[in-house]
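Peer 1: Got a structure for you, questions after.
The values are calculated or read from the model by the stated rules, or taken from the named source; none is laboratory data. Predicted model only: the values in this text are computed from it and were never measured. We place every Cβ from the backbone using ideal geometry, glycine too, and count neighbours over all the protein chains shown.
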Amino acid sequence: MVTAAPKLYPHQWSWDAALISIGLAHMSIPRALRELENLFRAQWSTGMIPHIVFSDVPGYFPGPDVWSTDTVPAKPHDVRTSGICQPPVHAIAVARILDLAVAKGGEDRRLAEDFARTSLDRLVAWHQWLMTVRDPSGLDLVEIHHGWESGMDNSPRWDEAYANVVVPEPIPMARHDIKVVGNIEDRPTDREYQRYLQLMREMASVNFDDAQINDVVQFRITDVFLTAVLALACDETARLAELLGREDVADGQRALADRARRGVLSCVSPDTGRCRDFDVRAGQWVDVPTIASWSVLVSGGDDAVWADHRAALVGEHWAGHPSLRFPLPPTVSPDDPGFRPRTYWRGPTWPFLNWLLTWALARRGDRALAATWRDATLELLGDGAFGEYYDPQTGQPAGSHDQSWTAAVAIDWIA
Ligand code: 9WN
């Protein structure tokens with residue numbers, strides 16, 4: 001596997017792996033397919049693709065022993081994984097790799113078509129799990145049980161829900177991340193980590209059994225951005241299915257995509273125009289302005305709302321903010337009192353996320369904005385550090401250096 005980063009993340013992460021495989025495909029189609037295969041082999045029998053597939057390299061906390069998933073019946077017995085998921089970008093990767101392989105032709109094409117054919121059922125099971133097991137209330141929105149599932153771990157979107165997570169007794173921690181990342185403000189706090197660990201304990205207490213988790217976990221919130229990504233992933237799976245002559249699958253995926261899109265639109269606040277998340281335990285909407293507020297830019301589904309969200313994200317409070325080094329979307333607006341330019345999901349701009357946005361824009365035909373964000377991100381990466389994320393005001397790299405998906409998206413853009 002390609003690890004998410006050499007020192008900070010010495011394992012395979014789910015959504016990182018998808019983007020990494022796209023970068024690899026430019027150099028070797030078989031290598032790209034192996035990367036995805038390694039992740040897909042770890043898919044649970046429920047359909048869930050786990051958020052981490054562990055290597056045997058030590059040095060990440062929480063590692064497999066802390067996760068306690070070894071005896072989970074749904075997990076393949078020969079891999080060690082975490083017990084939660086991440087956003088479903090995988091179909092986007094399979095489709096992108098297939099497109100690249102078709103252009104290359106020959107053996108590459110044959111291998112990629114075979115892989116796509118065998119992956120189709122995996123993707124269907126994965127998307128189905130998200131829209132059934134993870135939508136127990138029938139809201140057409142995917143519910144998450146841990147901020148890590150959103151991939152936007154400590155985004156202010158989750159602050160209120162986390163504030164309600166009670167940690168009855170201090171949980172021992174041996175954090176490794178703060179030793180690797182020199183600047184402590186780049187990472188979440190100990191207090192945040194205590195809650196992260198508490199939720200893991202709760203899920204482990206029922207052996208990660210989906211039927212019981214909803215009753216024991218103190219964090220249940222729908223994730224509008226993840227749902228928007230799912231809409232696109234289902235579209236891409238439908239496209240793949242058509243290419244491979246599986247009309248039955250294509251119809252089902254189109255229906256799921258419609259549901260996800262409807263779900264995202266149902267989150268738009270009539271007052272602020274922003275997408276909200278719904279805190280299932282508190283029974284209330286959470287309308288915190290972050291990059292996820294503009295999720296209709298990703299999902300589409302309503303031209304007027306799409307145009308509003310595009311205008312907001314390029315506007316003076318976001319990518320067009322005068323204090324920014326490059327006109328790129330920050331994760332929190334610099335005008336927000338909670339904006340922290342170096343702190344993880346509380347302000348920095350993330351190159352892989354910019355790639356995802358440009359991919360969605362280009363797919364919709366907005367090539368001009370896609371090119372602007374691509375060029376600006378490539379300029380940001382011109383320092384060669386391949387930062388995990390960047391201070392949007394200074395353009396300085398933060399978090400880990402040599403972050404694999406940062407390099408992968410650069411390759412995809414320049415290849
Ligand atoms: C927890 C690997 C991952 C990304 C996430 C990012 C960060 C992990 C961590 O790193 O999360 O999953 O330990 O901080 O938030 O999006 O997939 O790059």
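Peer 1: In the range 382-401, which residues are more than 16 Å from the ligand (Cβ to nearest atom) and at negative phi?
Peer 2: Kept after step one, since they are more than 16 Å from the ligand (Cβ to nearest atom), are these residues of the range 382-401: 382-384, 391-396.
Scanning the range 382-401 gives GLY382, ASP383, ASP391, PRO392, GLN393, THR394, GLN396.
Peer 1: Give me the pairs: first residue in the range 159-176 and closer than 20 Å to VAL216 by Cβ, second residue among the basic types (Lys, Arg) and not in a loop (DSSP other than H, G, I, E, B), beta-carbon distance under 6 Å, and six or more apart or on different chains, which are they?
Peer 2: TYR162/ARG195; VAL165/ARG195
Peer 1: Let me ask something else. Give the range 26-52 a look and list any residue that's more than 16 Å from the ligand (Cβ to nearest atom), part of a helix (DSSP H, G or I) and surrounded by fewer than 22 Cβ atoms within 10 Å (Cβ to Cβ), or say none. Write out each step before concluding.
Peer 2: Taking the range 26-52 as the starting set, the residues that turn out to be more than 16 Å from the ligand (Cβ to nearest atom) are 26-34, 37, 40-41, 43-47.
Now narrow it down to the ones that are part of a helix (DSSP H, G or I): 29-34, 37, 40.
Selection gives PRO30, ARG31, ARG34, GLU37, PHE40.
Peer 1: Out of the range 4-17, which residues are in a loop (DSSP other than H, G, I, E, B) and either within 9 Å of the ligand (Cβ to nearest atom) or buried (at least 23 other Cβ atoms within 10 Å of the Cβ) (or both)? Before the answer, list the steps.
Peer 2: Kept after step one, since they are in a loop (DSSP other than H, G, I, E, B), are these residues of the range 4-17: 4, 6-8, 10-11.
The answer is ALA4, LEU8, HIS11.
Peer 1: Something else about it: Being among the β-branched types (Val, Ile, Thr) and within 21 Å of ALA211 (Cβ to Cβ) is the filter; apply it to the range 54-107 and report the residue that is farthest from the ligand (Cβ to nearest atom). Before you say what the answer is, go through the steps one by one.
Peer 2: Of all residues in the range 54-107, those among the β-branched types (Val, Ile, Thr) come to 57, 66, 69, 71-72, 79, 81, 84, 89, 92, 94, 97, 102.
Retained after the next criterion (residues that are within 21 Å of ALA211 (Cβ to Cβ)): 69, 71-72, 81, 84.
On the way: THR69: 14, THR71: 22, VAL72: 18, THR81: 12, ILE84: 9 Å.
In this case the residue turns out to be THR71.
Peer 1: Select from the range 335-363 the residues that are part of a loop (DSSP other than H, G, I, E, B), of a type in the set (Gly, Ala, Ser) and in contact (Cβ under 8 Å) with a residue 60 or more places away in the chain and list them in ascending order.
Peer 2: Initially, the range 335-363 is screened for residues part of a loop (DSSP other than H, G, I, E, B), giving 335-348, 350.
Now narrow it down to the ones that are of a type in the set (Gly, Ala, Ser): 338, 347.
Matches in the range 335-363: GLY338 only.
Peer 1: How about the range 100-139: which of its residues are among the small types (Gly, Ala, Ser) and within 23 Å of the chain's Cα centre (by Cα)?
Peer 2: Within the range 100-139, the first condition is being among the small types (Gly, Ala, Ser), and the residues that meet it are 101, 103, 105-106, 112, 116, 119, 125, 137-138.
Those that are among the small types (Gly, Ala, Ser) and within 23 Å of the chain's Cα centre (by Cα): ALA116, SER119, ALA125, SER137, GLY138.
Peer 1: I would also like to ask the following. Given the residues VAL79, VAL102, VAL66, which is the only one that is surrounded by fewer than 23 Cβ atoms within 10 Å (Cβ to Cβ) and in a loop (DSSP other than H, G, I, E, B)?
Peer 2: Numbers: VAL102 fails: in a loop (DSSP other than H, G, I, E, B); VAL66 fails: in a loop (DSSP other than H, G, I, E, B).
It is VAL79.
Peer 1: Suppose we keep only residues that are in a helix (DSSP H, G or I) and of a type in the set (D, E, K, R) within the range 369-405. Which one would you say is nearest to VAL181 (Cα to Cα)? Give the steps one after another, and end with the answer.
Peer 2: Applying the first criterion (in a helix (DSSP H, G or I)) to the range 369-405 yields 369-383, 404-405.
Retained after the next criterion (residues that are of a type in the set (D, E, K, R)): 374-375, 379, 383.
Working: ARG374: 27, ASP375: 27, GLU379: 23, ASP383: 18 Å.
This residue is ASP383.
Peer 1: Identify, from the list MET173, MET152, the residue that is within 16 Å of the ligand (Cβ to nearest atom), more than 17 Å from SER68 (Cα to Cα) and either in a loop (DSSP other than H, G, I, E, B) or at pLDDT 95 or above (or both). Before you say what the answer is, go through the steps one by one.
Peer 2: Numbers: MET173 fails: more than 17 Å from SER68 (Cα to Cα).
Every option except MET152 fails the conditions.
Peer 1: While we're here: Out of all the residues in the range 225-238, is one or more in contact with an Asp or Glu (Cβ under 6 Å, 6 or more places away or on another chain) and either free of Cβ contacts under 8 Å to residues at least 40 places away in the same chain or assigned to a strand (DSSP E or B) (or both)? Outline the logic, then answer.
Peer 2: Looking only at the range 225-238, we keep the residues that are in contact with an Asp or Glu (Cβ under 6 Å, 6 or more places away or on another chain), and these are none.
So far as the range 225-238 goes, no, none of its residues is in contact with an Asp or Glu (Cβ under 6 Å, 6 or more places away or on another chain) and either free of Cβ contacts under 8 Å to residues at least 40 places away in the same chain or assigned to a strand (DSSP E or B) (or both).
Peer 1: While we're on this one: In this structure, does TRP345 turn out to be farther than 22 Å from ASN183 by Cβ, touching a Lys or Arg at 6+ places or on another chain (Cβ under 9 Å) and not hydroxyl-bearing (Ser, Thr, Tyr)?
Peer 2: Numbers: farther than 22 Å from ASN183 by Cβ: no; touching a Lys or Arg at 6+ places or on another chain (Cβ under 9 Å): yes; not hydroxyl-bearing (Ser, Thr, Tyr): yes.
Against the criterion (farther than 22 Å from ASN183 by Cβ, touching a Lys or Arg at 6+ places or on another chain (Cβ under 9 Å) and not hydroxyl-bearing (Ser, Thr, Tyr)), TRP345 does not qualify.
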